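*Asks:* My questions all concern the structure below.
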Amino acid sequence: MNGDMPDEVDLEEQADAVADFVEELLGQMDIDAIAEPAQQGDRFYVDILEGPPEDLALLIGKHGQTLDAIQELTRNVVGRRLDERIRVLVDVEDYRKRRAFRLEERAREAAERALASGQEQELEPMDALERKIVHDAVAGIEGVESGSRGEDPNRFVVVSPLD
């Protein structure tokens, strides 16, 4: 394994380890749901599925905050167990995938407004992963660029027309 980018087999092993940990965590929380490894594009996820809707909503939390905490806990614990950086994302019933789709849409809309008005457009504060999704979406649109401003947790993306 090279040190920078784990290959697909390593990510599959990580996904399995993450799924095992998340199932342990769900058991401790007395939530009857399953944690299933999945791949979408070049990202590996562990999806929490088939639980009672109120429990799944609890796992997501307000604006995904509980899900982010579960992600961080999982990264730390499984990262220590495997002695490597965990690149697998934890998701609940595709919440992160739906959020990514909405962020891509918002990026396109901001780019259109920037092009039409000639003015830069600021998006709401978001975490590093979400900002990356927006930057990637803007990179595919001709005539605009994106950058980040502010300090976490209030760091946000700015979409600007090119001169």
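We did not get these values from a lab; they are worked out from the coordinates using the rules stated. All of these numbers come straight from a predicted model, not from anything done at the bench. For neighbour counting, all protein chains shown are included, and Cβ atoms are generated from backbone atoms with ideal geometry for every residue, glycine included.
*Asks:* Suppose every Lys and Arg Cβ carries +1 and every Asp and Glu Cβ carries -1, with no other charges. What dipole size does the stretch 8-93 come out with about its Cα centre, to the nearest 20 debye?
*Replies:* 460
*Asks:* Calculate, in nm to one decimal, what Val77 and Leu49 gain on full extension: separation in residues at 0.36 nm each, minus their alpha carbon distance.
*Replies:* So the chain would gain 7.9 nm between Val77 and Leu49.
*Asks:* Still on this model: Relative to the present Cα-Cα distance, how much length would full extension add between Glu145 and Glu105 at 0.36 nm per residue of separation?
*Replies:* Extending this stretch completely gives an extra 12.8 nm.
*Asks:* Amide H neighbours of Glu145 under 5 Å, at least 5 residues apart or on other chains, H built in the peptide plane: list them.
*Replies:* For Glu145, whose amide H was placed from the backbone, the distant partners under 5 Å are Ser160, Leu162.
*Asks:* Scan around Val90 for amide H atoms under 5 Å from its own, H built in the peptide plane at 1.01 Å from N, and keep only partners 5 or more places away or cross-chain.
*Replies:* It is Val46, by chain and number.
*Asks:* Ignoring GluC sites (Glu not before Pro) that are buried or in helix or strand per DSSP, and keeping those with at most 10 other beta carbon atoms within 10 Å, what is the longest stretch of the chain between them?
*Replies:* Value returned for the longest uninterrupted segment is 1-141.
*Asks:* Once you have the Cα-Cα distance between Arg85 and Leu162, take 0.36 nm times their residue separation minus that, and quote the gain in nm to one decimal.
*Replies:* Taking 0.36 nm per residue and subtracting the Cα distance, the gain is 24.1 nm.
*Asks:* How many Å³ per residue does the convex hull of the Cα positions in the chain occupy?
*Replies:* 130
*Asks:* Also, quick follow-up: Could you work out the relative contact order of the chain? I mean the mean sequence separation of Cα pairs under 8 Å and 6+ apart, divided by the number of residues, in percent.
*Replies:* 16
*Asks:* Next question. Looking at the chain as a GNM with Cα springs under 10 Å, which of Arg96, Arg43, Arg75 has the largest mean-square fluctuation?
*Replies:* Among Arg96, Arg43, Arg75, the largest GNM mean-square fluctuation belongs to Arg43.
*Asks:* Report the semi-axes of the equivalent ellipsoid for the stretch 8-93 in whole Å, largest first, where each axis is √(5λ) for an eigenvalue λ of the Cα gyration tensor.
*Replies:* 20, 13, 12
*Asks:* How long is the stretch 49-114 along each principal axis, judged by its Cα atoms, biggest number first, in Å?
*Replies:* 46, 32, 18
*Asks:* Return one number: the angle in degrees, 0 to 90 and rounded to the nearest 10, between the long axis of the Cα atoms of helix 128-139 and the longest principal axis of the Cα atoms of the chain.
*Replies:* 40
*Asks:* In µm²/s, what is D for the stretch 98-161 at 37 °C and 0.692 mPa s, where D = kT/(6 pi eta Rh) by Stokes-Einstein and Rh is the Kirkwood radius from Cα pairs?
*Replies:* 291
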